1. Residues of region 126-171 being open to solvent by 20 Å² or more (accessible area, probe 1.4 Å), in contact with a Phe, Trp or Tyr (Cβ under 8 Å, 6 or more places away or on another chain) and basic (K, R), which ones?
2. Which of the residues spanning region 64-106 are modelled with pLDDT under 90 and under 29 Å from M143 (Cα atoms)?
3. State yes or no: is T177 within 30 Å of K21 (Cβ to Cβ) and under 14 Å from the mean Cα position of the chain (by Cα)?
4. Testing E203 on (1) surrounded by 15 or more Cβ atoms within 10 Å (Cβ to Cβ); (2) at pLDDT 80 or above, one condition comes back false. Which one is that?
5. Please name all residue pairs, on different chains or six or more residues apart, with Cβ atoms under 8 Å, provided the first residue is in region 86-97 and is touching a residue at least 24 places away in the same chain (Cβ under 8 Å) and under 18 Å from E199 (Cα atoms) and the second residue is among the β-branched types (V, I, T) and open to solvent by less than 30 Å² (accessible area, probe 1.4 Å).
6. Taking only pairs six or more apart or across chains, which ones have beta-carbon atoms under 9 Å, a first residue in region 23-50 that is of a type in the set (K, R) and surrounded by 14 or more Cβ atoms within 10 Å (Cβ to Cβ), and a second residue that is at pLDDT 50 or above and in a helix (DSSP H, G or I)?
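The values are calculated or read from the model by the stated rules, or taken from the named source; none is laboratory data. No experiment lies behind these values; they were computed from the predicted model shown. Every residue, glycine as well, gets a Cβ built from its backbone with ideal geometry; the counts of neighbours run over all protein chains shown. For the accessible areas, the whole protein counts, side chains as well, though only heavy atoms, and no ligand, DNA or RNA atoms are used. Shrake-Rupley method; radii C 1.70, N 1.55, O 1.52, S 1.80 Å.
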Amino acid sequence: MKFGKEFTTHMEETLPEWRDKFLCYKPLKKLLKQHFPNPTNPDSNLHQNHHNNTTSTNGLENQPTLVDLHEWFIRILNEELDKFNDFYVDKEEEFVIRFQELKERIEQVKEKSSKGGVFTSENEFSEEMMEIRKDFVTIHGEMVLLKNYSSLNFAGLVKILKKYDKRTGGLLRLPFTQLALRQPFFTTEPLTRLVHECEANLELLFPLVAEVIESNPCTKDQSNPQPCNSANISSKTSSTLAEETVDLYRGTLAAMKAIRGLQKASSTCNPLSFSSLFRNLEDEGAGAVTAENSASDSSASFHSRKEGDHEDSHSM
């Protein structure tokens with residue numbers, strides 16, 4: 001399957017409200033074909049496209065030169081970077097806050113349980129823990145989707161730059177790729193740490209959470225029902241949890257599949273290939289994170305990158 005079709009498929013499998021935040025891959029491909037010269041016949045292509053598309057070149061007057069088109073194209077790419085950065089940083093900040101709130105809820109439940117007399121029954125305690133577990137799984141899924149958002153947009157950007165260089169004979173791919181590598185949307189180490197810590201919390205607090213992500217197998221065999229966790233939550237409650245978040249799980253699994261596909265080794269040894277860049281990024285982002293420092297580290301990283309993102313994105 002061609003990358004364009006894969007990109008569209010993965011974008012459609014993400015959360016609906018995220019879809020307009022992705023790279024405008026198809027419009028950019030169309031723009032290249034319409035406004036940039038064909039290497040086999042540059043002059044006639046440029047003249048014809050200008051004549052037919054004068055109103056679509058965002059204010060380029062008279063016959064645009066290749067320099068004009070080059071600057072125009074870079075402006076469009078910078079606008080795409082701004083879009084990625086704004087969305088990514090906002091979502092990352094949201095996840096930091098939500099994750100911290102979840103940890104505080106866990107502590108509150110533990111405190112109530114240890115003091116006794118707060119919960120009216122064991123079932124009330126189980127239901128509250130189930131809600132917390134659902135929120136943990138939900139935020140984990142959304143964070144994986146955000147990592148996929150970063151990966152797909154970067155891969156799409158590299159593809160567009162490659163097409164630009166091939167079509168124009170330019171050398172934009174290398175400098176603009178290096179610029180993209182410094183952008184907040186591709187600086188995923190804080191998000192990776194949050195994902196790892198979320199997984200550690202899920203494994204520690206809810207060791208059987210995999211049953212929910214994997215289509216809730218504990219409810220598949222009704223002839224031999226098994227308890228879903230140590231709090232003995234009913235299979236009916238677990239089934240409801242799975243139904244409520246099935247779209248998110250499906251999107252998360254699709255995102256993980258996309259990330260694995262992008263990580264596959266390229267047939268050529270290219271340091272700018274996405275697989276090489278992504279492996280290096282994962283190596284740098286790996287490592288243990290404690291519950292005490294993860295929120296402060298992520299928040300500090302968010303603020304430092306928020307301040308510098310616009311300066312970098314317009315330095316071309």
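1. K159, R167
2. Selection gives I106 alone.
3. No.
4. E203 satisfies all of (1) surrounded by 15 or more Cβ atoms within 10 Å (Cβ to Cβ); (2) at pLDDT 80 or above except (1).
5. Partner pairs satisfying both residue conditions: F95/I139.
6. Listed by first residue and then by second, the contacts come to K29/G4; K29/K159; K29/I160; K29/K163.
So that you can scan it fast, the table gives a plain yes or no per residue for (1) at pLDDT below 95; (2) part of a helix (DSSP H, G or I); (3) in contact with a His (Cβ under 9 Å, 6 or more places away or on another chain):
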| position | (1), (2), (3) |
| --- | --- |
| I160 | no, yes, no |
| K166 | yes, yes, no |
| F176 | no, yes, no |
| L191 | no, yes, no |
| E199 | yes, yes, yes |
